[in-house]
Structures are given as C-alpha cells and as structure tokens.
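Here the structure comes first, spelled out in structure tokens, and everything after it is commentary.
The values are calculated or read from the model by the stated rules, or taken from the named source; none is laboratory data. Worth saying up front: this structure is predicted, and the values here are computed from it rather than measured. Glycine gets a Cβ as well: all are built from the backbone with ideal geometry, and neighbour counts include every protein chain shown.
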C-alpha cells in the first residue's frame, strides 16, 4: 500500500511525519520503519513520528528512531511535530501533547513560508550523576555529557560509541554529547543512540548541554543559553533552584521540506 508522508527538519535533525488522525499506523513493523528511515533505500531520516489523536491532549507523539524501534523523547522532533500539526491546521499557535516522557506544551512563535520557530517545554530535570569529570542526565532521553577543549575536533562516531557501548550503557544505550565553550556560546555535537551515528542536532542533547553548562559554572545571558550544533542554533532557558531545573524551554527552527507517497 502507499502512504502519504511529510518530511520536516529542525536544525538538520530530520523526520518522517505521518498523519495518524484517520489512519492507524500501528501496523508498521520495525523493519518497515527502519527501511523508511534508510538514507539509501528509503526516504531517509533520523526518525519517524506519528501524530496520533488523544482524548485528553491535542495529540500524542509516537516516535521511532531510525533503527525502527520506539524510543524516548525527541526535542527537535517535538518541535517539528508541533509545526506539522500547525501546518495541518489541527492546532493553532499553542499545543499541548503527550509523549513517552509525559506532557509537553509548545508555542509557534513565527511561521513564514512554512518555516516555523517553535518553543517546546521539556520535562523538569531533577538530579544528575557525575561520572569523573563527565555528567549523566535525563532530559526526556538519557544523555552522557563530556566537556572538551574543541568539540569540532572530536571524532564523535568513535568516541561516542566507546561510551554508548561501554559496560554501563550497552544494554539500554545512551546519547553522548561533546561540549566546548566558545565566546559565550555552548558548542555541542551528539552521538545518538538508535541512529548509532552523529546527528546534526539533538533537542534533548542541546537541553542537556545547557543544563550541564550551568552545573559547570557557565552563566546565561538573560536566562537564555545559546547552543550551536552542526545543523544550526538553538536556545534553552530554564529556572534553577537547589539542583533542580524547571520551566525548561527549547526554542529553534522547524522547516517543512516536502511531502510524497511511499510504498510499504
């Protein structure tokens, strides 16, 4: 059968979007999702997201990594899904949806020619683990964070795999972030589990980067942490009190790329 899909990207983090309001896409197998996300034999994406109706929220976010497995929260995916819902005129400039890590709010700040700026409220972050000089934190997805002198010089694939497949994390996996501080901006590169490679951007990783930068002693400019990724720039803001991070918002672009039909 042929299904209609939409392609979105947020700072280079790209997603296949399916409108599940009238079609139940739960029939898709892991192998089919993995094939759709394959960049050589399928559409190509970091993940696949289904917009699903929900009785208590505007919609439900169902997210698959590019390995075809259901996964934890994706920040850029949540922002792109909000833009997708807005494009479908299913929701207006504000949305409240449910994802695997709980409830989220989102606001469409601007929309010019199907280029949105979306702010997404992330989960509160309570506690973190210090592993040597590194950090382990959950921002909706698990993230290992390492501060380096220059993130641009890191072999993210090799070094990221060492952590992701270490004895501690091999079974469930973790995302691995390499962060450097340059001219008041946090520069981050991310090895993403499920993709098993570096992605151009990771929303939950950017959030983890901002929070650990604060733990590392970096002060924000007006409460906002500008974060640079290989795919573009994002902003994170939050409140901090006694080791707890609340009112966490991730802001950045979301862009509609194209739509089409694909056989599954």
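Among the residues making up the range 108-127, a single one is surrounded by 17 or more Cβ atoms within 10 Å (Cβ to Cβ) and either free of Cβ contacts under 8 Å to residues at least 60 places away in the same chain or more than 19 Å from the chain's Cα centre (by Cα) (or both): 108. Of the set (1) at pLDDT 95 or above; (2) farther than 27 Å from residue 69 by Cα; (3) touching a strand residue (DSSP E or B) at 6+ places or on another chain (Cβ under 6 Å), all apply to residue 207 but (2). Evaluate the range 177-184: report whether one residue or more is buried (at least 18 other Cβ atoms within 10 Å of the Cβ) and over 20 Å from residue 196 (Cβ atoms). Among the residues of the range 177-184, at least one is buried (at least 18 other Cβ atoms within 10 Å of the Cβ) and over 20 Å from residue 196 (Cβ atoms), which makes the answer yes. For the range 10-42, the candidate set comprises residues that are touching a helix residue (DSSP H, G or I) at 6+ places or on another chain (Cβ under 7 Å) and crowded, with 18+ Cβ neighbours inside 10 Å; within that set, the residue that is farthest from residue 192 (Cα to Cα) is 18.
Take residue 39 and decide whether it is out of contact with any strand residue (DSSP E or B) (no Cβ under 6 Å at 6 or more places or on another chain) and without any contact (Cβ under 8 Å) to a residue 24 or more places away in the chain. When the stated conditions are applied, residue 39 passes them. Residue by residue through the range 201-224, note down the ones that are surrounded by fewer than 24 Cβ atoms within 10 Å (Cβ to Cβ) and either part of a loop (DSSP other than H, G, I, E, B) or touching a residue at least 24 places away in the same chain (Cβ under 8 Å) (or both). Matches in the range 201-224: 213, 214, 215, 216, 217, 218, 219, 220, 221, 222, 223. The number of residues in the range 174-192 being touching a helix residue (DSSP H, G or I) at 6+ places or on another chain (Cβ under 6 Å), at pLDDT 95 or above and under 25 Å from residue 8 (Cβ atoms) comes to 8.
Does the range 18-30 contain at least one residue that is closer than 26 Å to residue 229 by Cβ and over 16 Å from the mean Cα position of the chain (by Cα)?
yes
On the stretch given as the range 96-143, residues that are touching a helix residue (DSSP H, G or I) at 6+ places or on another chain (Cβ under 9 Å), at pLDDT 95 or above and on the phi > 0 side of the Ramachandran plot total 1.
Which one of these is at positive phi, outside the structural domain of residue 202 (by TED's automatic domain parsing) and within 14 Å of the chain's Cα centre (by Cα): 82, 11, 72?
Going through 82, 11, 72 in turn, just one is at positive phi, outside the structural domain of residue 202 (by TED's automatic domain parsing) and within 14 Å of the chain's Cα centre (by Cα): 11.
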